[in-house]
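Heads up, the thing below is written out as structure tokens.
The values are calculated or read from the model by the stated rules, or taken from the named source; none is laboratory data. Everything numeric in this text was worked out from a predicted model, so none of it was measured. Counting neighbours? That spans all protein chains shown, and the Cβs are built from the backbone with ideal geometry, glycine included.
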Amino acid sequence: MDDIRRSWPVVAIVAVLLAGAVLLLSQHLDDRKGPRGNRSVDPGLPSTAADESAFLPFVGRWAVHGATLLINSDGSGVETWNAGPCTDAMTDPEPEMCSGHANLHFAPANAGLTGTYTKVWYTDQRNREVPGFDPGSSAIEATDTFELTTAADGVLARKPLKTHLSAEDVSVSNSYLCATRASADWHARCNA
């Protein structure tokens with residue numbers, strides 16, 4: 001009986017520690033399921049610090065000839081590129097140039113990130129949306145996806161996963177994007 005009286009504090013401490021571990025584990029599993037109660041979280045964006053840390057090597061401004069890609073730590077991004085003349089150069093001797101724009105959502109992938117285009121639009125040189133702009137038969141569309149991996153310090157490699165671009169456009173496009181910290185050799189390859 002004396003043994004039981006002496007060991008009950010140890011048993012009580014172990015029980016409290018186990019109860020705390022179970023509570024923390026259940027909260028962690030609930031957080032992985034997504035929003036609950038009054039929480040307002042976009043299920044498409046990371047909700048924990050661990051999720052956001054997957055984006056850190058990719059966060060920032062990346063450039064390739066005629067295009068820039070901005071990746072944010074919350075998994076959102078914006079891409080802008082030279083889309084060519086806003087009008088037919090054959091009928092308009094001095095066509096205004098258009099820019100393509102896209103909102104993106106990024107998700108961690110095995111080798112890096114997977115990017116998904118969520119919205120694509122075109123603007124003129126005064127940043128006015130150009131309704132009915134025809135980017136041609138080979139153009140980025142919402143739902144197209146690509147994979148980003150690290151090629152070198154300050155350099156990302158992009159590989160299309162699902163795209164509306166033609167095989168020819170994919171084969172001739174530059175798959176590298178450079179940050180300002182990339183070496184001079186890489187900047188020449190990015191043509192940025």
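Structure summary
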| item | result |
| --- | --- |
| Any chance residue 104 is surrounded by 15 or more Cβ atoms within 10 Å (Cβ to Cβ) and touching a Gly at 6+ places or on another chain (Cβ under 7 Å) | yes |
| Only listed residue being modelled with pLDDT under 90 and not in a loop (DSSP other than H, G, I, E, B), chosen from 26, 40, 99 | 26 |
| Restricting the range 120-156 to residues that are free of Cβ contacts under 8 Å to residues at least 24 places away in the same chain and part of a strand (DSSP E or B), the residue that is surrounded by the most Cβ atoms within 10 Å (Cβ to Cβ) | 120 |
| Long-range neighbours under 7 Å by Cβ, at least six apart or interchain, first residue on the phi > 0 side of the Ramachandran plot and touching a residue at least 40 places away in the same chain (Cβ under 8 Å) within the range 177-192, second part of a strand (DSSP E or B) and of a type in the set (A, V, I, L, M, F, W, C) | 191/64 |
| Scope the range 153-164; condition in contact with a helix residue (DSSP H, G or I) (Cβ under 6 Å, 6 or more places away or on another chain) and farther than 12 Å from residue 115 by Cβ; matching residues | 155 |
| Residue that is surrounded by the most Cβ atoms within 10 Å (Cβ to Cβ), among those in the range 157-182 that are under 23 Å from residue 59 (Cα atoms) and among the small types (Gly, Ala, Ser) | 182 |
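Residue-wise test of (1) in the same structural domain as residue 53 (by TED's automatic domain parsing); (2) under 14 Å from the mean Cα position of the chain (by Cα); (3) of a type in the set (Lys, Arg).
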residue: 108; (1), (2), (3): yes, yes, no
residue: 119; (1), (2), (3): yes, yes, yes
residue: 123; (1), (2), (3): yes, no, no
residue: 141; (1), (2), (3): yes, no, no
residue: 144; (1), (2), (3): yes, yes, no
residue: 157; (1), (2), (3): yes, yes, no
residue: 163; (1), (2), (3): yes, no, no
residue: 183; (1), (2), (3): yes, no, no
